[in-house]
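Since the structure comes first, as structure tokens, the remarks are kept for the end.
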Amino acid sequence: MSTLAHRFVTANGIRHHVVEQGRGPLVLLVHGFPEGWRSWRHQLAALSDAGYRAVAYDVRGYGQTDAPADVSAYAMRQLVADAAGLVEAMRGSGGGSGAEADADPRAVVVGHDWGASIAWHCALLRPDRFRAVAALSIVYTGRPPAPPIAIFRKRFDGQFFYMVYFQEPGVAEAELEADVRRSLRLMFYSAAGGTPPGPGFGGKPAGAKLLDGMTDPPTLPAWLSEAELDAYAADFARHGFRGPLNRYRCMDSDWADLAELAGATVSVPALFVVGAEDMSFKMRGPDAIAQMRAAVPHLREALVLPGAGHWIQQERPAETSAALISFLRASG
């Protein structure tokens, strides 16, 4: 097995912390909130062993990657430009001989949570750089009929909903940064599979805070060690939560900026993997996969793993990696 290699790569004007393993066709791994490159620790090894060059990175605002201050710096177009720029920067730099590495200028993009949304938009906006897409947890069903936060404000009127709570700059930052390790522990546990039902990212009165009512577990779930949680906490201690939360603050402006995607479908081969207990998936309702098939006509498989929660590639690493490798081999 090859070892992990850490380095810094500048793309789209941002210095990114990149972690890679293996040689072969490029697979770009994009994490979500509140995670970082290490959420792909199991897939980096598995994909490397299967003959791929797996590259995970800290998305802008996270870990050791630059964290611009402006909310607009976290617009979806910027995040797609980051990913496309990284693919271009990685060509011919360690994936094999120059001819092998440059034979196909495209990569397969794999994303989880916000990373899945980024991955879907990579496929929509830059099929010249991304030949296939695998999304974990977040379905793509097309451009919504109205700005997303406006929809959520109406849907959850009189209730707490985390995406609405995140909109006011400084509010969620103050709560989550008061004790970074505890905040991460509660969020990871709340959205995991097998967690007893209770208040979490929703289901609370208006005026509540995110962590209100969340269980602080006496021990961590089996898929997350104390050392791994320490590493996550150290990464968030670098920049805090401002950059990651700014992504949520771009949702309505993205809706306006990406108006050309109305009616657009994903044109490249696609895979979807989700935990049956994933809150994000359950919120979309029982027809989510059927709706996704209309917007993603080349969807090869939609795999729902019983008992798994939101952190699918960490909770169920073997099954997630096997699904990814099977999809990669079928996609060429």
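Look through the range 1-14, keep the residues that are outside any strand (DSSP E or B) and among the hydrophobic types (A, V, I, L, M, F, W, C), and return whichever of them is modelled with the highest pLDDT.
Taking the candidates together, the pick is L4.
Each row is one residue, and each column tells you yes or no for (1) in contact with a strand residue (DSSP E or B) (Cβ under 6 Å, 6 or more places away or on another chain); (2) hydrophobic (A, V, I, L, M, F, W, C); (3) surrounded by 13 or more Cβ atoms within 10 Å (Cβ to Cβ).
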{"position": "P217", "(1), (2), (3)": "no, no, yes"}
{"position": "L220", "(1), (2), (3)": "no, yes, yes"}
{"position": "S225", "(1), (2), (3)": "no, no, no"}
{"position": "F236", "(1), (2), (3)": "no, yes, yes"}
{"position": "R247", "(1), (2), (3)": "no, no, yes"}
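Look at I138 and say whether it is closer than 19 Å to I312 by Cβ, of a type in the set (V, I, T) and in a helix (DSSP H, G or I). So that I can check it myself, show each step before the final result.
On the way: closer than 19 Å to I312 by Cβ: yes; of a type in the set (V, I, T): yes; in a helix (DSSP H, G or I): no.
Considered against the rule, which asks whether it is closer than 19 Å to I312 by Cβ, of a type in the set (V, I, T) and in a helix (DSSP H, G or I), I138 comes out as no.
Going residue by residue through the range 321-331, is there one that turns out to be assigned to a loop (DSSP other than H, G, I, E, B), under 20 Å from L29 (Cβ atoms) and among the hydroxyl-bearing types (S, T, Y)?
yes
Among the candidates A290, A294, A308, which residue alone is aliphatic (A, V, I, L, M) and either assigned to a strand (DSSP E or B) or without any contact (Cβ under 8 Å) to a residue 60 or more places away in the chain (or both)? Can you show your working first?
Details: A294 fails: either assigned to a strand (DSSP E or B) or without any contact (Cβ under 8 Å) to a residue 60 or more places away in the chain (or both); A308 fails: either assigned to a strand (DSSP E or B) or without any contact (Cβ under 8 Å) to a residue 60 or more places away in the chain (or both).
After ruling out the rest, the residue left standing is A290.
Please indicate, with yes or no, whether at least one residue in the range 127-135 is of a type outside the set (K, R), at pLDDT 95 or above and farther than 23 Å from I312 by Cβ.
yes
Does D287 fit the bill of being within 21 Å of L210 (Cα to Cα) and either at pLDDT 95 or above or not hydrophobic (A, V, I, L, M, F, W, C) (or both)?
no
Among V268, V274, which is among the aliphatic types (A, V, I, L, M), in a loop (DSSP other than H, G, I, E, B) and in contact (Cβ under 8 Å) with a residue 24 or more places away in the chain?
That would be V268, the only listed residue that is among the aliphatic types (A, V, I, L, M), in a loop (DSSP other than H, G, I, E, B) and in contact (Cβ under 8 Å) with a residue 24 or more places away in the chain.
Can you say whether P217 is in the same structural domain as D179 (by TED's automatic domain parsing) and closer than 17 Å to F166 by Cα, as far as the supplied structure shows?
no
For the range 97-122, give me each residue that is modelled with pLDDT under 95 and either exposed (fewer than 15 other Cβ atoms within 10 Å of the Cβ) or acidic (D, E) (or both).
Matches in the range 97-122: S97, G98, A99, E100, D102, A103, D104, P105.
Among the candidates L176, L136, single out the residue that is hydrophobic (A, V, I, L, M, F, W, C) and outside the structural domain of G285 (by TED's automatic domain parsing).
Exactly one residue qualifies, and that residue is L176.
Looking at (1) in contact with a Ser or Thr (Cβ under 9 Å, 6 or more places away or on another chain); (2) on the phi < 0 side of the Ramachandran plot, which one does A172 not meet, given that it meets all the others?
(1)
When residues of the range 15-63 are filtered for being assigned to a strand (DSSP E or B) and either in contact with a Gly (Cβ under 8 Å, 6 or more places away or on another chain) or of a type in the set (D, E, K, R) (or both), how many remain? Quick ask: steps written out before the conclusion?
In the first step, residues of the range 15-63 are kept if they are assigned to a strand (DSSP E or B); the result is 15-21, 26-30, 53-57.
Retained after the next criterion (residues that are either in contact with a Gly (Cβ under 8 Å, 6 or more places away or on another chain) or of a type in the set (D, E, K, R) (or both)): 15, 17, 20, 26, 29-30, 53-54.
So the answer is 8.
Which of the following residues is in contact (Cβ under 8 Å) with a residue 12 or more places away in the chain, more than 22 Å from G309 (Cβ to Cβ) and either surrounded by 13 or more Cβ atoms within 10 Å (Cβ to Cβ) or not assigned by TED's automatic domain parsing to the domain that holds I138 (or both): R181, R242?
Matching residue, one of R181, R242: R242.
Mind checking which helices (runs of 4 or more DSSP H) fall wholly inside the range 192-265 and carry at least 1 residues that are under 26 Å from M292 (Cβ atoms), touching a helix residue (DSSP H, G or I) at 6+ places or on another chain (Cβ under 8 Å) and aliphatic (A, V, I, L, M)?
251-257
I'd like to verify a number: residues in the range 190-199 that are free of Cβ contacts under 8 Å to residues at least 60 places away in the same chain and surrounded by fewer than 20 Cβ atoms within 10 Å (Cβ to Cβ), how many?
4
Which pairs turn up if I take residues in the range 149-174 that are within 20 Å of V71 (Cβ to Cβ) and look for partners that are loosely packed, with under 14 Cβ neighbours inside 10 Å and of a type in the set (D, E, K, R) with beta carbon separation below 8 Å, at least 6 apart in sequence or on another chain?
So the pair list comes out as F161/R155.
Kindly list the number of the only condition in (1) assigned to a loop (DSSP other than H, G, I, E, B); (2) in the same structural domain as R77 (by TED's automatic domain parsing) that fails for V109.
Going through (1) assigned to a loop (DSSP other than H, G, I, E, B); (2) in the same structural domain as R77 (by TED's automatic domain parsing) one by one, V109 breaks only (1).
The values are calculated or read from the model by the stated rules, or taken from the named source; none is laboratory data. Given the structure is predicted, the values throughout are model-derived calculations rather than measurements. Please note: Cβ atoms are built from the backbone with ideal geometry, for glycine as well, and neighbour counts cover all protein chains shown.
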